[in-house]
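The values are calculated or read from the model by the stated rules, or taken from the named source; none is laboratory data. Quick caveat: nothing in here was measured; it's all calculated off a predicted structure. Note that we place each Cβ from the backbone using ideal geometry, even for glycine, and neighbour counts take in every protein chain shown. Surface accessibility is based on the protein's heavy atoms, side chains included, excluding ligands, DNA and RNA. Shrake-Rupley method; radii C 1.70, N 1.55, O 1.52, S 1.80 Å.
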Amino acid sequence: MGVSEALLERARVSCSRADWAPVFLRLIVGYGFIAHGYAKIARGREHFAEILAALGVPAFHVMGSLTILIEILGGLAILLGAWVRLAAVPLAAVLVVAALTVHLPNGFSSIKLLSVTSSGAHFGQPGYETDLLYLACLAALALGGPGTLSVHSWLRLTRVRASAAAR
């Protein structure tokens, strides 16, 4: 059985539990990046650019827009399972910069409970824990691939079927 026949046979077989593992990673990571990118737009791109300027980021207007674009488009790519390895690189760069410039001084923990009052819980600044979790998920997806239930797999199967039909 050749590679193309094996791929076609794999597509006919129902999905296993292992096929679902990358889906859950892609859903939370993709949605998380899209949500963070959208939050920067909702608060105003200028506001985010001012934050970058305060951190000493060069070309802060350009870097702000680029960060938003990376988060939204990269998040969408991860969510759909399309170009995951390609999207993981700039997303990881955004995370490393955020971890080193914003979260590192706050320590590891992403949850810093300061107090609880009648109005609810009050938290301090988050550490780099969440950045590391996102980086680990991106690494798992980049190394393991987006999985069978992805746009990547669908495109590959479509090419294989077209190639098999052309023979």
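V57 satisfies every condition listed in (1) surrounded by 19 or more Cβ atoms within 10 Å (Cβ to Cβ); (2) of a type in the set (V, I, T); (3) over 14 Å from C137 (Cβ atoms) except (1). Against the condition charged (D, E, K, R), more than 14 Å from T101 (Cα to Cα) and surrounded by fewer than 17 Cβ atoms within 10 Å (Cβ to Cβ), how does E46 come out, does it pass? Spelling it out, E46 is indeed charged (D, E, K, R), more than 14 Å from T101 (Cα to Cα) and surrounded by fewer than 17 Cβ atoms within 10 Å (Cβ to Cβ).
Per the listing V89, V94, the residue uniquely open to solvent by 80 Å² or more (accessible area, probe 1.4 Å), at pLDDT 95 or above, part of a helix (DSSP H, G or I) and β-branched (V, I, T) is V89. Check G107, G64, G127 and return the single one that is of a type outside the set (K, R), more than 15 Å from the chain's Cα centre (by Cα) and farther than 20 Å from F33 by Cβ. None of the others qualify; the one that does is G107.
Does A21 satisfy the criteria of being outside any helix (DSSP H, G or I), under 21 Å from the mean Cα position of the chain (by Cα) and within 30 Å of S153 (Cβ to Cβ)?
The answer is no for A21.
Take the conditions closer than 15 Å to V84 by Cβ and either in contact with a Cys (Cβ under 8 Å, 6 or more places away or on another chain) or among the hydrophobic types (A, V, I, L, M, F, W, C) (or both) and apply them to L25. Does it pass? So L25 passes the test.
A quick yes/no check of all residues on (1) without any contact (Cβ under 8 Å) to a residue 12 or more places away in the chain; (2) of a type in the set (S, T, Y); (3) open to solvent by 60 Å² or more (accessible area, probe 1.4 Å):
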| position | (1), (2), (3) |
| --- | --- |
| H122 | yes, no, yes |
| P126 | no, no, no |
| E129 | no, no, no |
| C137 | no, no, no |
| G144 | no, no, yes |
| T148 | no, yes, no |
| H152 | no, no, yes |
| R159 | yes, no, yes |
| S163 | no, yes, no |
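The set of residues in the stretch 69-86 being touching a residue at least 40 places away in the same chain (Cβ under 8 Å) and assigned to a helix (DSSP H, G or I) consists of G74, G75, L76, A77, I78, L79, L80, V84, R85. Got at least one residue in the stretch 123-132 being out of contact with any Lys or Arg (no Cβ under 7 Å at 6 or more places or on another chain), in a helix (DSSP H, G or I), closer than 18 Å to Y31 by Cβ and modelled with pLDDT of 95 or more? Taking every residue of the stretch 123-132 in turn, at least one turns out to be out of contact with any Lys or Arg (no Cβ under 7 Å at 6 or more places or on another chain), in a helix (DSSP H, G or I), closer than 18 Å to Y31 by Cβ and modelled with pLDDT of 95 or more.
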